[in-house]
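Each remark here refers to the structure printed beneath this line.
The values are calculated or read from the model by the stated rules, or taken from the named source; none is laboratory data. Note that the structure is predicted; figures quoted are calculated from it, not measured. Positions of Cβ are backbone-derived with ideal geometry, glycine not excepted, and every protein chain shown enters the neighbour counts. Side chains included, ligands, DNA and RNA excluded: accessible areas come from the protein's heavy atoms. Shrake-Rupley method; radii C 1.70, N 1.55, O 1.52, S 1.80 Å.
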Amino acid sequence: MFQGYQTVEDMIKKFNPQASAVETATFGMGCFWGPEAMFGSVPGVLRTRVGFAGGTSPKPTYRHMGDHTETVEIDFDPAIISYEDILRKFWQNHYPNRGNYKGRQYISMLRYHGEQQKEAIKKVRKDMEKNLGEAIETEVAEYENFTLADDRHQKYYLKRYPNTLEQLQELFPKPELLIDSTFAARLNGFVKGYGKLRILKNELASWDIEEEDKEILLNKLETIKW
């Protein structure tokens, strides 16, 4: 039986027991489907979720977003990937100065968690502005809240393969388990075109998890039908 995990804290204990904490990054960079897939493929990223942040509407939804922004929230292991590296990927993979197309829905936005992230944003932003050749207009503010989007937007590209989802049902019988799954995050990135299957297998083989769990996931990766 696949043991899985119940919380992000469980993830960090399973994937890297030596790590002291999980960190969270929250940002908007246009439609949230693509960024979730991209960051889901990155080693060190433990969980990806999409939702809404940055506004004042009390209960934003995809159809009634109000003044919120489509947002990606990732939990990561700072012992494997730094917040500065995540920021570089953020700025390298979208144009931050395209203005308020569709209001605030698709703006470039960062919400920092604590003073260390705030200082990292200042540092990396300065470097990226040199590379871009112009001032970066990304909206930066302290994190306040994040509203999870409904299930159909989570792991969007993976869900375009209903036969695959059916095969994953035994591992993740509840929607929230799929949303929180590192394995599902990697698959969502893979089907979007990020990374190679060989690289994913090698990474999975290095995960510091129970050998039984590892064998189950590797076997699933080998036998899954798209």
Applying the selection to segment 87-119, what residues are more than 17 Å from residue 134 (Cα to Cα), of a type outside the set (Asp, Glu), open to solvent by 20 Å² or more (accessible area, probe 1.4 Å) and not in a strand (DSSP E or B)?
89, 100, 101, 102, 103, 104, 105, 106, 113, 114, 116, 118
Looking at segment 47-59, which of its residues are open to solvent by less than 10 Å² (accessible area, probe 1.4 Å), in contact with a helix residue (DSSP H, G or I) (Cβ under 7 Å, 6 or more places away or on another chain) and not polar (S, T, N, Q)?
50
Exception for residue 62 within (1) aromatic (Phe, Trp, Tyr); (2) crowded, with 22+ Cβ neighbours inside 10 Å; (3) part of a loop (DSSP other than H, G, I, E, B) falls at (2)
Taking the condition of being open to solvent by 10 Å² or more (accessible area, probe 1.4 Å), touching a residue at least 60 places away in the same chain (Cβ under 8 Å) and more than 9 Å from the chain's Cα centre (by Cα), how many residues in segment 18-41 meet it?
8
Looking only at segment 157-176, and only at residues there that are among the hydrophobic types (A, V, I, L, M, F, W, C) and assigned to a helix (DSSP H, G or I), the one that is most open to solvent (accessible area, probe 1.4 Å)
165
Scan 178, 110 and give me the residue that is touching a residue at least 12 places away in the same chain (Cβ under 8 Å) and in contact with a Gly (Cβ under 9 Å, 6 or more places away or on another chain).
110
Considering only residues of segment 200-226 that are of a type in the set (A, V, I, L, M, F, W, C) and either touching an Asp or Glu at 6+ places or on another chain (Cβ under 8 Å) or not in a helix (DSSP H, G or I) (or both), which is modelled with the lowest pLDDT?
209
If you check 149, 141, which single one turns out to be in contact (Cβ under 8 Å) with a residue 60 or more places away in the chain, among the small types (Gly, Ala, Ser), under 30 Å from residue 58 (Cβ atoms) and buried (at least 16 other Cβ atoms within 10 Å of the Cβ)?
149
So is residue 74 closer than 17 Å to residue 143 by Cβ, crowded, with 22+ Cβ neighbours inside 10 Å and in contact with a Ser or Thr (Cβ under 9 Å, 6 or more places away or on another chain) or not?
yes
Which of the residues spanning segment 30-44 are among the aliphatic types (A, V, I, L, M) and outside any loop (DSSP other than H, G, I, E, B)?
37, 38
Can you find a residue that is assigned to a helix (DSSP H, G or I) and out of contact with any strand residue (DSSP E or B) (no Cβ under 9 Å at 6 or more places or on another chain) anywhere in segment 141-156?
yes
Have a look at 122, 126 and point out the one that is touching a strand residue (DSSP E or B) at 6+ places or on another chain (Cβ under 9 Å), in a helix (DSSP H, G or I) and either among the aromatic types (Phe, Trp, Tyr) or open to solvent by 30 Å² or more (accessible area, probe 1.4 Å) (or both).
122
